[in-house]
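Notes for the one structure printed next.
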Amino acid sequence: MKPAAKPIIKRARPLGLFVLIVAAIAGGVWLAWPRLFASPITTGPMVQMLAPDGFVLVWQMRPAESASVTVRHEGGESVGVFTADRTDDRCIAEIDGLQEGALYRYEITIAGKSGVPVLLAVGDVRTAPPPGDSFRVIAFGDSGTGKRAQYRLAERMPEYEPDLIIHTGDIVYFDGAAEDYPDHFFRPYASLLSRIPCYPCLGNHDVRTDDGAPALAAFVLPRNGPEAEPPERHYWFDFGDVRFVFIDSNRTFPIYQEVVAPWLDAVLADAGERRTILVFHEPFFTNARHKPAEKLQLSILPVIDRHRVNLALSGHNHLYERTHPIRDGQVVADGEGTVYITTGAGGGRLDEPPT
């Protein structure tokens, strides 16, 4: 008699373990997604040196690769392709041959593995307006905390449709370190920086690291300051009917007296019929926590009075102040003196108003 056949038993697959493995793989892919598919651009793109016929585009990229910028008319027709110059992970593309006051679209690309260009970033830029056209400016300072107040103010700024951004210093707290620029400057203003030029002056916190080297490395600014001073600390540019002049207020009195004041005198004398706006960090006139900068009053103020500068913008004190027109230390009629504005409430802790 044959023994009874053993029953065939099919072992069930460990479904629970299979689900866990799939979930783990999916979770790993989800976590790695930003690294696998995100743009290699780490800061920027940022518009700089906006002119009637072009602009400069600057960004950082890791890993560093050769990149180019295609510029198109508003209707889509290509203007040209511009190769970016690269130093380490920093890329700079100089765009020229454009028309004043016109809107253009730029596209940053790198070469893909198959030879097909890979698109990294797209933005729209309007070139500087011709003389006679009006434009809007946002001016603020003492912003770079990386905290909620800074981000909330940054969210409101695009509503005012600015054509130009002026920063009155203390770009990055607490000590202007390069590693703080992504969270304390580039990310809060990313939507603005990609299409609107930002011109800063150096604040006292910005120069705490290597005398301001990280700030000067982040921007591309006019190199038309006094010959005896390092470039980009003091500079000027024309925008529409206005000449803007920036001064680094962290220097010493002898430098202002012997170097900066004569340079400023020549720059203002050459402005012609343009309106003039002076930008610096430490205020000339204020009733707030930080007292007026005496070194500037003694050296720069006589030049301002002589040329009847229209407007002077500063920060340093974390609030808003505005004077009547002032000339030779006296309140004068509109158009006869300079209005001084402290606009240092860009995101740092607010100061108590003066009593």
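When the test is whether a residue is in contact with a strand residue (DSSP E or B) (Cβ under 9 Å, 6 or more places away or on another chain) and either at pLDDT below 95 or open to solvent by less than 30 Å² (accessible area, probe 1.4 Å) (or both), residue 112 passes it. There is at least one residue in the stretch 315-325 that is more than 23 Å from residue 189 (Cβ to Cβ), open to solvent by less than 60 Å² (accessible area, probe 1.4 Å) and touching an Asp or Glu at 6+ places or on another chain (Cβ under 8 Å). Just so you know, in the stretch 93-106 the residues that are open to solvent by 40 Å² or more (accessible area, probe 1.4 Å) and part of a strand (DSSP E or B) include one that is nearest to residue 52 (Cα to Cα), and it is 103. Residues that are over 15 Å from residue 308 (Cβ atoms) and hydrophobic (A, V, I, L, M, F, W, C) within the stretch 250-272 comprise 253, 255, 259, 260, 261, 263, 266, listed in sequence order. There is at least one residue in the stretch 116-126 that is open to solvent by 20 Å² or more (accessible area, probe 1.4 Å) and either among the basic types (Lys, Arg) or part of a loop (DSSP other than H, G, I, E, B) (or both). Please enumerate the residues belonging to the stretch 40-65 that are more than 15 Å from the chain's Cα centre (by Cα) and either assigned to a strand (DSSP E or B) or over 19 Å from residue 218 (Cα atoms) (or both). Hits for the stretch 40-65 are 41, 51, 52, 53, 54, 61. Only one entry of 234, 281 meets the criterion of being touching a His at 6+ places or on another chain (Cβ under 6 Å) and open to solvent by less than 20 Å² (accessible area, probe 1.4 Å), and that entry is 281. Quick check on residue 146: is it open to solvent by less than 20 Å² (accessible area, probe 1.4 Å), in contact (Cβ under 8 Å) with a residue 40 or more places away in the chain and within 22 Å of residue 200 (Cβ to Cβ)? When the stated conditions are applied, residue 146 does not pass them.
Scanning the stretch 257-275 for residues that are in contact with an Asp or Glu (Cβ under 9 Å, 6 or more places away or on another chain), buried (at least 17 other Cβ atoms within 10 Å of the Cβ) and charged (D, E, K, R) turns up at least one hit.
The values are calculated or read from the model by the stated rules, or taken from the named source; none is laboratory data. Remember, predicted model here, so these are calculated numbers, not experimental data. Neighbour counts run over all protein chains shown; Cβ positions are idealised from the backbone, glycine included. We work out accessible area using only protein heavy atoms, side chains counted, and drop any ligands, DNA or RNA first. Shrake-Rupley method; radii C 1.70, N 1.55, O 1.52, S 1.80 Å.
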